[in-house]
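Report on the structure given below.
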Amino acid sequence: MALPKVAVPTYSINLPSDGSIIEFRPFLVKEEKILLLGIKQAAEMEDLTLAQSHLIKTFKAILKECILTKGYDLEEAPVFDLEYIFINIRAKSVGEIVEPTYTCSCGTPVEVQVNLTEIEVTQPKDKKMTVDLGGGVGIKMKYPKADIMEKLVYSTEEVDKIFSILIHCIDYIFDSETTFKASEYEESELITFLEELPKDAFQNIQDFFEDMPHTEYTAEADCPEGKETFTIRQLSDFFV
Ligand SMILES: [Zn+2]
């Protein structure tokens, strides 16, 4: 006779990017094993980009199983949406409180308490998705997707990584007459386009990334030398 199955509850949240509702279930024992192994492996990696990429790959594998909404495309989703879903799945699966170690400005490692359900995705007011480059030329941007973090591993130079993110976030380039879809151009052509921009135009692109929506949590760390406010932004910092 087949053994009985234990029912798993389902939950729903609103996505930070567009408010649409996504349904998920907590992760099961087999998925927690994958998660713990992935976190452990990432912590042992010396290359930070490689570790980051490994974590994202692990998170994606779990998300794929736990997201129940049909047709939700992980590859097309902005990274901050995936981080938000992951945090909420983790909260419903293992518990709402995590205790990562924060290094205080005096150098003392302090264990801090983070309530995962209080983590928000900051939404900049009136965020514009177009960047003005001057002379009637501009770029329609899109937010970075999960797959770009994996591709980053293959370029070693820091500046290559930045350009690699940039060109993947260009939807199209436009002037007063024409739009040029980024997907119809070679990566090398897009990189040349960026390299030939005046410095202040390039700064406008960097500003777009500066105030992008991101997961954030601010609380107080109780160091023996005195209380200190800390802010966590990186998803990996919540768990490692
Ligand atoms: Zn301190």
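Cβ-Cβ below 7 Å, separation at least six or inter-chain, first residue in the stretch 111-130 and over 16 Å from S17 (Cβ atoms), second surrounded by 12 or more Cβ atoms within 10 Å (Cβ to Cβ) and basic (K, R): which pairs?
L116/R90; T130/K140
Do the conditions hold for Y154, that is, is it modelled with pLDDT under 85, away from the ligand (no atom under 16 Å from the Cβ), of a type in the set (F, W, Y) and surrounded by fewer than 18 Cβ atoms within 10 Å (Cβ to Cβ)?
The answer is yes for Y154.
Any residue in the stretch 105-116 that is under 18 Å from the mean Cα position of the chain (by Cα) and under 30 Å from P198 (Cβ atoms)?
Checking the stretch 105-116: not a single residue is under 18 Å from the mean Cα position of the chain (by Cα) and under 30 Å from P198 (Cβ atoms).
Please go through the stretch 208-240 and give me each residue that is of a type in the set (K, R), modelled with pLDDT of 85 or more and away from the ligand (no atom under 16 Å from the Cβ), ordered by number.
Selection gives nothing.
Does at least one position in the stretch 11-20 carry a residue that is outside any helix (DSSP H, G or I) and farther than 28 Å from F209 by Cβ?
Looking for residues that are outside any helix (DSSP H, G or I) and farther than 28 Å from F209 by Cβ, one finds at least one in the stretch 11-20, hence yes.
Which one of these is within 19 Å of the chain's Cα centre (by Cα) and either over 17 Å from V79 (Cβ atoms) or not aromatic (F, W, Y) (or both): A7, A42?
Of A7, A42, the one residue that is within 19 Å of the chain's Cα centre (by Cα) and either over 17 Å from V79 (Cβ atoms) or not aromatic (F, W, Y) (or both) is A42.
For the stretch 158-172, does any single residue satisfy the condition of being under 30 Å from A7 (Cα atoms), modelled with pLDDT under 90 and crowded, with 17+ Cβ neighbours inside 10 Å?
Within the stretch 158-172, none of the residues are under 30 Å from A7 (Cα atoms), modelled with pLDDT under 90 and crowded, with 17+ Cβ neighbours inside 10 Å.
Within the stretch 22-46, take every residue that is in contact (Cβ under 8 Å) with a residue 12 or more places away in the chain and assigned to a loop (DSSP other than H, G, I, E, B) and give me the one that is farthest from P100 (Cα to Cα).
Only one residue tops the list, namely R25.
Residues that are away from the ligand (no atom under 16 Å from the Cβ), at least 2 per element: which strands (runs of 3 or more DSSP E) completely within the stretch 67-142 meet that?
120-122, 130-134, 137-141
The values are calculated or read from the model by the stated rules, or taken from the named source; none is laboratory data. Worth saying up front: this structure is predicted, and the values here are computed from it rather than measured. Here the Cβ is made from the backbone with ideal geometry for all residues, glycine too, and neighbour counts use every protein chain on show.
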